[in-house]
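Engineer: Pasting in a structure now, in structure tokens, and then I'll have a few things to ask.
The values are calculated or read from the model by the stated rules, or taken from the named source; none is laboratory data. Fair warning: this is a prediction, and the values are worked out from it, not measured in the lab. Every residue, glycine among them, receives a Cβ derived from its backbone with ideal geometry; neighbour counts consider all protein chains shown. We work out accessible area using only protein heavy atoms, side chains counted, and drop any ligands, DNA or RNA first. Shrake-Rupley method; radii C 1.70, N 1.55, O 1.52, S 1.80 Å.
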Amino acid sequence: PEDTVTSTFASFIPSVRPEHLSSIVRHRSKRMILDSIGVGLVGSTTRVFDIALRYCRELYSPVAVSSVYGKPGVKLSPTLAAFTNGVATHSMDFDDTWHPATHPSGAVLPALLAASQMLPPGTKPSGMDLLLAFNVGLEVQGRLMHFSSEAHDIPKRFHPPSVVGTMGSAAAAAKLLSLSRTQCSHALGIAASLAGAPMANAATQAKPLHVGNAARLGLEAALLAARGMEANPLILDDIPGCSGFSAFYGVYRPQPLAAPGQQHQFLLEKQDIAFKRFPAHLGMHWVVDAALSVRNLLVNHMGSFCPALIRTIVLKIPLSKYINRPFPSSEHQARHSFQFNACVALLDGDVGLASFSEGSIQRQELRELLAKVVVEHPEDNAANFDKMYGEVALLLHSGDVLTGKCDTFYGHWRKPLSKESLLKKFRSNASHVLAEENVEAIITMVDNLEDLLDGSQL
């Protein structure tokens, strides 16, 4: 049917042209691409990435054409490379975050990089082709999340990248592979049947699989559609008595997607993305900035930071069970613990890659600080990345009370990282596995992506 929500999405995907991307959208999306590559490269040094890579290399006999982050000379089949690189991107929870809540780049970029190497010589996508497909994947994710008020809050039931990320990956791959409108519709329908992962696996090694699967399964959906597989042409519509994509949401009100052009404004134009300064769940960035603020007050007040002066640490945070972890025992639990991140910031005056090592987590002085934490959930502190705040109060044995509060951390979409800060993060991440000249080459390539003749070079 011509007038369905699904048909408008299917029409939108092949219709996007270079002139539809404003300078703001191009600028913001290239920042996302650069950051995503950087966190994928540093993520290739993690244990969970090694497990995923070993799984792919040992259990499959791939057509090895697509590259793997941080592993020169290692190639996998396109879908497995998308999976492995997606796992790398989310292995430290260091990847970008949007609102409503999801990790958009890690679900899309690995699929596009893998697919670009899959295509035969003479049909390789250009850098502009990659940029267009990337933005199609972002736009589909964003529009789907805006169909439900549930999506605006910190998730409780399913991990959003496993759902909207799979759909975005399918849409992006469909664009890159030049699928027809009908094939794009089927790709979305197939992807919906491959989507979903429960929030219970947050703070475990299984969580990075959600992003890896989104990249892989979205690409597989597009490849299956290209080969003639069909799916429900009303998958995005709200059909009474028969759930399509609405199965993931209790409240679901889909709207048609306008054709790209004067009547359509990309969501990335309206709202920037959040880039993380340290590798942990986005909610942690509020409490860390609040903790650093109150730490400075204590140093100025007493001349130095001395944990023995503190009687109680009060955290005022939104109510969200899976990131309320009093005594985390693993790196993944620590990345999802308000208490841990606040106490590390207080103790060390910084949070970084080393903060989540086993040695750091098991420190006696850190455990003593954690034992002093009391958590409060003020009614005005919504579990929503656009509305929440973090507050850290130190109740001293002297009777004094020092308080630090953060409404918008540096890196949030309301307070974006500067170009210098983003480049510093990328160089730090990429240098773990690449030589300096290769790090700088990637920066130059992404900065001039529209002029790249062969996008598979990225």
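Engineer: Please give the peptides 185-191, 310-316 ranked by average Cβ packing (other Cβ atoms within 10 Å per residue), highest first, as a rough proxy for protection.
Structural biologist: Highest mean packing first, the order is 185-191, 310-316.
Engineer: Could you size up the charge dipole of the stretch 282-406 around its Cα centre, putting +1 on the beta carbon of Lys and Arg and -1 on that of Asp and Glu, and report it in debye to the nearest 20?
Structural biologist: 180 debye
Engineer: Which is farthest toward the positive dipole end of the chain among Gly218, Leu453, Thr4, measuring Cα position about the Cα centre, with Cβ charges +1 (Lys, Arg) and -1 (Asp, Glu)?
Structural biologist: Working it through, the farthest residue towards the positive pole turns out to be Gly218.
Engineer: Hey, another quick one. Rounded to two decimal places and with Rh computed the Kirkwood way over Cα pairs, what is Rg over Rh for the chain?
Structural biologist: Using Cα coordinates only, the ratio equals 0.99.
Engineer: Can you pull the one-decimal nm distance between simple spin-label points at His377 and Ile51, each 7 Å off the Cα toward Cβ?
Structural biologist: Computed distance between label sites His377 and Ile51 equals 2.9 nm.
Engineer: Determine the sum of side-chain charges near Asp93: Lys and Arg each +1, Asp and Glu each -1, restricted to other residues whose C-beta is under 12 angstrom from that of Asp93.
Structural biologist: 0
Engineer: Once you keep just the Cα pairs under 8 angstrom separated by 6 or more residues, what percentage relative contact order results for the stretch 282-406?
Structural biologist: Result for the stretch 282-406 is 42 percent.
Engineer: Identify the trypsin sites (Lys or Arg not before Pro) of the stretch 391-458 meeting these criteria: DSSP loop state and at most 15 other C-beta atoms within 10 Å of the C-beta.
Structural biologist: Those that pass, being in a loop and sparsely packed, are Arg414.
Engineer: Where the accessible area of the stretch 282-406 is counted over protein heavy atoms with a 1.4 Å probe, how much of it, in %, is carbon and sulfur?
Structural biologist: After summing per-atom areas, the C and S share lands at 49 percent.
Engineer: Expressed in nm to one decimal, what extension gain is obtained for the pair Arg414 and Ala200 from 0.36 nm per residue of sequence separation less their Cα-Cα distance?
Structural biologist: Extra length available between Arg414 and Ala200 comes to 74.1 nm.
Engineer: Here's a follow-up. Looking only at chymotrypsin sites (Phe, Trp or Tyr not before Pro) in DSSP loops with at most 16 other Cβ atoms within 10 Å, what is the longest site-free stretch of the chain?
Structural biologist: No qualifying site falls inside 61-304, the longest such stretch.
Engineer: While we're on this one: Can you tell me which of 39-45, 324-330 comes out highest on packing, and rank the rest after it, using the mean Cβ neighbours within 10 Å?
Structural biologist: 39-45, 324-330
Engineer: Please sort 348-355, 297-304 by packing, taking for each peptide the average over its residues of neighbouring beta carbons within 10 angstrom, highest first.
Structural biologist: Output ranking for 348-355, 297-304: 348-355, 297-304.
Engineer: Can you list residues from other chains, or at least 5 along the same chain, whose modelled amide H is less than 5 Å from the amide H of Phe158?
Structural biologist: Met199
Engineer: Anything over 19 Å Cα to Cα? Flag those among Lys270/Lys316; Lys316/Lys387; Lys156/Lys415; Lys156/Lys387; Lys30/Lys71, in the order listed.
Structural biologist: Cα-Cα > 19 Å for Lys270/Lys316; Lys156/Lys415; Lys30/Lys71; rest within.
Engineer: What is the distance in Å between the Cα centroid of the stretch 318-396 and that of the stretch 198-271?
Structural biologist: Computed from Cα coordinates, the inter-centre distance equals 32 Å.
Engineer: So, with a 1.4 angstrom probe, what is the percent of accessible area on the stretch 79-204 that is carbon and sulfur?
Structural biologist: That share works out to 55 percent.
Engineer: Also, quick follow-up: Of Val433, Leu21, His412, which is farthest on the positive side of the dipole of the chain, counting Cα position, with +1 on Lys and Arg Cβ, -1 on Asp and Glu Cβ, and the Cα centre as origin?
Structural biologist: Final value for the positive-end residue is Val433.
Engineer: Counting only the backbone N, which residues of the stretch 273-289 are under 20 Å from the spot 7 Å out from the Cα of Lys405 toward its beta-carbon?
Structural biologist: Of the residues in the stretch 273-289, 283-289 have backbone N under 20 Å from the label point off Lys405.
Engineer: Further question: For an R0 of 51 angstrom, estimate the FRET efficiency from the Cβ-Cβ distance between Glu150 and Ala435 and round to the nearest 0.05.
Structural biologist: So, using R0 = 51 Å, E works out to roughly 0.65.
Engineer: Under 16 Å from the 7 Å Cα→Cβ point of Asn296, by amide nitrogen: which residues of the stretch 325-354?
Structural biologist: Inside the label zone: 345-351.
Engineer: How would you classify the stretch 282-406 from its alpha-carbon gyration tensor, with a ≥ b ≥ c the square roots of the eigenvalues: rounded for a/c under 1.5, else prolate if a/b is greater than b/c, otherwise oblate?
Structural biologist: oblate
Engineer: Give me the percent relative contact order of the chain, please, defined on Cα pairs under 8 angstrom at least 6 residues apart.
Structural biologist: 21 percent
Engineer: What 222 nm value per residue comes from the helices of the chain, counting each DSSP H run with n ≥ 4 as -39,500 (n - 2.57) and dividing by all residues, nearest 500 deg cm²/dmol?
Structural biologist: -14500 deg cm²/dmol
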